[in-house]
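Undergrad: Got a structure for you, written out below as structure tokens; questions coming shortly.
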Amino acid sequence: MKLNNKGFTLIEVLAVIVIIALLTGITVPSVINSMNASKENAYKIMVSNINTASIELFEEIYYSNGTVELYKYDDNGNITSELINIDGGEITINLQTLVSNGYLTGNSSEESSRKVILNPRDSENIGYCEITINREIEEDTSKVTYTITSNGESNCPTNNDYINGVN
């Protein structure tokens, strides 16, 4: 009588399972760290782009005699327009205004056909975040300095984020 030895022994199967578990235990944390690092880099790039777009918007308004008409979305997603004025060397806008007027690239929204700005850390819409852009000129050197500050709402970029990225 011949035995049919076609198959793996219990020890061989356990050895393969242990090897797979070890490889998984080593690679999964590394993959998660890489994903978190890329989200953090994308966040820093987004903040830098907000800084650049804000300064560009301010300059356009400043050199348009201090007033410009910008498109905004109301709470229902309808397009409205608003005259934005430089008031005492500063303006306050939300991030969606930068996207709606082409100063900042947005992401396609699942809820509507408009572009929105998403936080790379959690993919939440942060268009409601308000920023204040302030322009100061040093009298001695005529150097122009921009300061961008946040309204401090949760999930919005913070003042420290803007300070580290302002030119």
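The values are calculated or read from the model by the stated rules, or taken from the named source; none is laboratory data. Here the structure is a predicted model, which means the values were calculated and not measured. Neighbour counts are summed over all protein chains in view; Cβ atoms, including those assigned to glycine, are modelled from backbone coordinates with ideal geometry. These accessible areas exclude ligands, DNA and RNA; they are computed on the full protein's heavy atoms, side chains included. Shrake-Rupley method; radii C 1.70, N 1.55, O 1.52, S 1.80 Å.
Undergrad: Can you tell me which of S100, S108, S150 is among the small types (G, A, S), at pLDDT 85 or above and within 15 Å of the chain's Cα centre (by Cα)?
TA: On inspection, the qualifying residue turns out to be S150.
Undergrad: Only one of (1) more than 24 Å from T158 (Cα to Cα); (2) surrounded by 12 or more Cβ atoms within 10 Å (Cβ to Cβ) fails for T80. Which number is that?
TA: (2)
Undergrad: Of all strands (runs of 3 or more DSSP E) completely enclosed by the stretch 57-165, which ones contain at least 3 residues that are touching a helix residue (DSSP H, G or I) at 6+ places or on another chain (Cβ under 7 Å)?
TA: 67-73, 130-137, 144-150
Undergrad: Moving to a separate point now. Please list, ordered by first then second residue, the pairs with beta carbon atoms under 7 Å, 6 or more apart or interchain, first in the stretch 24-50 and within 15 Å of D122 (Cβ to Cβ), second outside any helix (DSSP H, G or I) and open to solvent by 70 Å² or more (accessible area, probe 1.4 Å).
TA: So the pair list comes out as K39/R121; Y43/R121.
Undergrad: Oh, and also: Does I55 count as of a type outside the set (K, R), in contact (Cβ under 8 Å) with a residue 60 or more places away in the chain and under 23 Å from E153 (Cα atoms)?
TA: Taking the combined requirement at face value, the residue satisfies it.
Undergrad: Ok, one more. Considering every residue within the stretch 27-40, establish whether at least one is crowded, with 16+ Cβ neighbours inside 10 Å and within 20 Å of S150 (Cβ to Cβ).
TA: No, every residue in the stretch 27-40 fails to be crowded, with 16+ Cβ neighbours inside 10 Å and within 20 Å of S150 (Cβ to Cβ).
Undergrad: Going by the structure shown, is G7 part of a loop (DSSP other than H, G, I, E, B), over 25 Å from I148 (Cα atoms) and open to solvent by less than 80 Å² (accessible area, probe 1.4 Å)?
TA: So G7 fits the description; yes.
Undergrad: When you look at L57, is it open to solvent by less than 30 Å² (accessible area, probe 1.4 Å) and within 27 Å of A37 (Cβ to Cβ), yes or no?
TA: no
Undergrad: Among all residue pairs at least 6 apart or on different chains, which show Cβ distances below 7 Å where the first residue, located in the stretch 140-165, is closer than 22 Å to N119 by Cβ and the second is in a helix (DSSP H, G or I) and among the hydroxyl-bearing types (S, T, Y)?
TA: Close Cβ pairs satisfying both conditions: I148/S54; I148/Y162; T149/Y162; S150/Y162; G165/S48.
Undergrad: Could you check, for the stretch 88-98, whether at least one of its residues is touching a residue at least 60 places away in the same chain (Cβ under 8 Å), in contact with a Lys or Arg (Cβ under 9 Å, 6 or more places away or on another chain) and farther than 17 Å from R135 by Cβ?
TA: no
Undergrad: From the set of residues in the stretch 116-139 that are more than 25 Å from Y62 (Cβ to Cβ) and either without any contact (Cβ under 8 Å) to a residue 12 or more places away in the chain or touching a Gly at 6+ places or on another chain (Cβ under 9 Å) (or both), which is most open to solvent (accessible area, probe 1.4 Å)?
TA: Filtering the stretch 116-139 for residues that are more than 25 Å from Y62 (Cβ to Cβ) and either without any contact (Cβ under 8 Å) to a residue 12 or more places away in the chain or touching a Gly at 6+ places or on another chain (Cβ under 9 Å) (or both), the one most open to solvent (accessible area, probe 1.4 Å) comes out as S123.
Undergrad: Quick one: what pairs do we get from the stretch 62-75, first residue within 17 Å of L95 (Cα to Cα) and exposed (fewer than 13 other Cβ atoms within 10 Å of the Cβ), second of a type in the set (A, V, I, L, M) and modelled with pLDDT of 80 or more, C-beta under 8 Å, 6+ apart or different chains?
TA: E69/L83; E69/I84
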